[in-house]
Every structure is written in structure tokens, then in C-alpha cells.
1. If you take the charge dipole of the stretch 1-106 about its Cα centre, with +1 on Lys and Arg Cβ and -1 on Asp and Glu Cβ, which of PHE90, ALA100, PRO32 is farthest toward its positive end?
2. Please work out whether the stretch 19-139 counts as rounded, prolate or oblate from its C-alpha gyration tensor, where a ≥ b ≥ c are the square roots of the eigenvalues and a/c under 1.5 means rounded, while otherwise a/b larger than b/c means prolate and anything else oblate?
3. Work out from phi, with θ = phi - 60° and the Karplus expression 6.51 cos²θ - 1.76 cosθ + 1.60, the ³J(HN,Hα) of each residue of the stretch 275-287, listed in order in whole Hz, and give x for Gly and Pro.
4. Over 27 Å between Cα atoms, which of LYS189/LYS257; LYS179/LYS305; LYS110/LYS205; LYS110/LYS283 qualify?
5. Would you kindly state how much longer the chain becomes between LEU10 and ALA277 on full extension, computed as 0.36 nm times their sequence separation minus their alpha carbon distance, in nm to one decimal?
6. Once phi is turned into ³J(HN,Hα) by the Karplus curve 6.51 cos²θ - 1.76 cosθ + 1.60 with θ = phi - 60°, what whole-Hz value does each residue of the stretch 101-106 show in order, with x for glycine and proline?
7. Which of these values of volume of the Cα convex hull per residue in Å³ was calculated from the structure shown: (1) 146; (2) 137; (3) 123?
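Where a number appears in this text, it was derived from the coordinates with a stated rule and is not lab data. Worth saying up front: this structure is predicted, and the values here are computed from it rather than measured. No Cβ is skipped: glycine too gets one built from the backbone with ideal geometry, and neighbour counts run over all protein chains shown.
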Amino acid sequence: MRANRFQAALLHPRYWLTWFGFAVLFLVIQLPYSFLLVIARGLSVLMLKVAHSRRKTAARNLELCFPDLSDTERLALLEENFFSTTMAIFESGMSWFWPASRLRNLYQIKGFEHIEAAEGQGVLLMGMHFTTLDISGAFYNLHSSCDAMYRTHKNPVYDYLQRRGRERHHPDSTMIDRKDVRGLIRALKRGRVVWYAPDQDYGPKQSVFVPFFGVPAATVTATSTFSRLGNAQVIPFVSTRLANGQGYQIEIHPPLKDFPVGDDELDARRVNEVIEACVEPHKEQYLWAHRRFKSRPPGEPSVYK
């Protein structure tokens, strides 16, 4: 992938508002971490009232995935999820702009021995779209080198700052455009650790419909394909925010055994089962505002109205 170099075109007046927004974020995240948690809590109440589309999507996903919860329990979960989603804005700023010395005081890593045991074999670090996604990448790269697949942002200033922020914590780490499949396979064959998240709806074309919390979901088959072509282990990666401002925990699980099995549906079902097990204990921190069930099996109506 091309180097992420600053270009004079990024200073065009059409991007001034973007630069201003990031300048405000930069100033706000200089506050103590405990203050940021309080501000995020307050802003999340406002977001619940004004972000109608995201609230509707998140509420519907929680209704579909956790039908056994009462309305009161789901509302409480929704409120906590909006706090976590709002805090993610500050966490992205922290990961992109905080000095490494400040970030190192906030996290702990469990299970890194599973990465070390790979002994030079490629590792597909199977991430998930928790709201802590950005800051967990910073923590991992402070500990060890890791590449990551990502989607290029349409706003070039946002994309420049995002890549710069994500690549700055380790000199060997790089972003791989999600369309650059060959680049990802090459990295795995070189023995690299590559973060990849298979838990969003990218349409039915390269997916199979398998259950996700009991709901048929278009699930990409790329996890097993990348593992096979890159001769890579698949190791689940979970990052969560600890209670009471205690920071974050990165948990690296043992590699998936007997994976892939060569059957796209069985492999995709296994992937979703692993994700479910990881999300369940921390479901308030998962990105429920994503329309995970946008694609439907043939003949089934939309679940979002």
C-alpha cells in the first residue's frame, strides 16, 4: 500500500472544517482520562436523543440478538452501549495523539503467549468491532508489531490522520487496504500478524448466511480463505474497557483448532460462534449501531424499518 504522506491538497479550504474538528478533539483529549469518561457519559445522553438512526439500529439489533431481555434491561444496555460508542470518539483521539508513555499506563495484555507460540507462522488476528477498536490497536502495537486491514475513509484528511495515528506506535506496522487481498496474503506468508475483523455485513456476494446470536447474518467466508492461502493461524483478539476507570484489557485467545475445515458454511458458523462467545460478557461495548443484518436471505424481508 502506498505510503501515507502529507500533501498540500489536504489544506484546501473544503477540509478546514475537518481540521478544526480534529483540533478540538486534540485539545479535549488532553484532559485526564477520568474527566473524559465523565464527559462521554454526559454526551451519550445527548446522543441518545439526537442520533435517531443509530439509536434505532442499535435498539433493533439488541432486540433481535437478546430477545430474552426485558424492555427495561435492553434500554439499560442501549444506554451503556451509547456511552461506550461516545467514549470511542475520545479513545480514537487518545490512540492517535497521546504519547506512548501515557497510553502504556492504561492497559494490560493477557494471552500473548499464543502469538509467541506461532513462531514465525502468519497470524490472522481475528478482531471484532468493539467500540475500543482504535485504542486496542494502539495498545497492541506498543507491545508488538501488527498490521491491520482497514477501509479507506472518503475524507482524505480523516484518512491521513487515521492512518498516521494507527501506524505511529510501531515502525514495522502498516495499514492494508481491505481491497488489497494479495497484500494481506503476502504479509501472512512472511509471518506477519494481521488484524482482521469478519463481523460486519459486506453483502451476500462473498458471504454465507449463518446464525449470529440466532439471527441469519451474511458472514464473509474470507477468514477461512485468508487462513488457508496465507498458511496462518486464526487467533481471536478481544479488547474491553474495564470498569471504574481502570483502563483496558487486551485478551488474546488460543488459536482456533482444526480451522478451516474446507466448508465455507461450517467455517463461517464457527467464526460467528467464537465472536458470540467473546461479545456476550461485554455486549455493552460492541458496535450495535452497525446494520449487521442488512442483507437478508432470499425472500426474507428487511429487519430494519
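1. Of the listed residues, the answer is ALA100.
2. Oblate, because a/c is 1.5 or more while a/b does not exceed b/c.
3. 4, 4, 5, 7, 6, 3, x, 9, 4, 5, 9, 8, 7
4. LYS179/LYS305; LYS110/LYS205
5. 91.9 nm
6. Using θ = phi - 60°, the values come out as 4, 6, 5, 4, 7, 10 Hz.
7. (1)
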